[in-house]
Every structure is written in structure tokens, then in C-alpha cells.
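Taking it in order: structure first as C-alpha cells, then the write-up.
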Amino acid sequence: MNEILTAGYQAIRNYVQANWKYIELRNASNAPILRISTSDPRVTWTNLANAQTLELTIVVKGSDAGLSGSLPLTFASSALFDVATGGSPYSVESFTPFAMEAPEDQLTIKHQVQIPQVV
């Protein structure tokens, strides 16, 4: 049986960060509320080099442009894609639903992707 070495896992982490460039926020029915690029100022990769967990943090406010629908909106999951529209998600993370009811409401979501690490 062949093993992936440390450099291989790092290459996978690098690939994910370089190519999974869109995060989508969804409601409880999996309908999209917002899909934005990871280069958007509301999005940050917050992982450490060589860490097993890659973490993408997104901060949205009720007053943000681009939200699909009007307030109140209930957020229930996030998904990572390599395309701006359409496509299939590569990683989906559900969380406790959050109801955004006012323009001043703010939600911070941390989407994590686990990539095995050789120790």
C-alpha cells in the first residue's frame, strides 16, 4: 500500500486554497443566500501553515449587498466551490441555524476542511 507523504498533504492543502475560491452560504433548504469569492474582504483563510485543518472565515451583515432575499434570512450551512456560479460543492458544513433579522445583525462563519497530516 502506498502512502501520501507530508509533501503530498501540503500539496493538497495548497491546491484547496488556490482553487476552491468561492464560499456559499445557504438556508436550511440548501438554497443559496450568498456566494462570494475568497478574495472578498469579508472572507479570510485563517489556517496555519502545515495545519491539518484549513479554515475559511466569512463575516456577513444584514446590510451586505448580494444577499438573496430580504430580511429575515436564516443561514444554516456553508459550501466551498471552484466556480462562481453552478458547479458542485467540494465541502459542505452545516451549523446551528442563525436568523439574521436586521441590517445591523452580523454573522461570523468558520468553514473547516480536514486534510490528513503526516506527523
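What to note about this one:
- Residue, modelled with the lowest pLDDT, within the stretch 68-86, restricted to residues that are loosely packed, with under 13 Cβ neighbours inside 10 Å and small (Gly, Ala, Ser): Gly69
- Cβ-Cβ contacts under 9 Å between residues 6 or more apart (or on different chains), taken from a first residue in the stretch 70-86 that is free of Cβ contacts under 8 Å to residues at least 24 places away in the same chain and over 12 Å from Pro32 (Cα atoms) to a second residue that is of a type in the set (A, V, I, L, M) and surrounded by 11 or more Cβ atoms within 10 Å (Cβ to Cβ), are absent.
- Tally, over the stretch 87-111, of residues that are within 13 Å of Pro32 (Cβ to Cβ) and aliphatic (A, V, I, L, M): 1
- Selection within the stretch 104-119 - surrounded by 11 or more Cβ atoms within 10 Å (Cβ to Cβ), outside any strand (DSSP E or B) and modelled with pLDDT of 95 or more: Asp105
- Checklist (1) loosely packed, with under 14 Cβ neighbours inside 10 Å; (2) within 13 Å of Ser78 (Cα to Cα) applied to Leu5, failing item: (2)
- Count of residues meeting criterion [exposed (fewer than 12 other Cβ atoms within 10 Å of the Cβ) and either under 20 Å from Ala18 (Cβ atoms) or of a type in the set (Ser, Thr, Tyr) (or both)] in the stretch 87-99: 2
- Selection within the stretch 1-28: residues that are small (Gly, Ala, Ser) and within 17 Å of the chain's Cα centre (by Cα). The member of this set that is modelled with the highest pLDDT is Ala28.
- The stretch 7-64: number of residues that are within 19 Å of Gly87 (Cβ to Cβ), in contact (Cβ under 8 Å) with a residue 24 or more places away in the chain and of a type in the set (D, E, K, R): 4
- Test: residue in the stretch 3-23 that is touching a strand residue (DSSP E or B) at 6+ places or on another chain (Cβ under 8 Å), among the polar types (S, T, N, Q) and assigned to a helix (DSSP H, G or I): yes
- Some residue of the stretch 43-54 being buried (at least 16 other Cβ atoms within 10 Å of the Cβ) and modelled with pLDDT of 95 or more: yes
The values are calculated or read from the model by the stated rules, or taken from the named source; none is laboratory data. A quick note: this is a predicted structure, and the numbers were derived from the prediction, not measured. Heads up, the Cβs are rebuilt from the backbone with ideal geometry, glycines too, and the neighbour counts pull from every protein chain shown.
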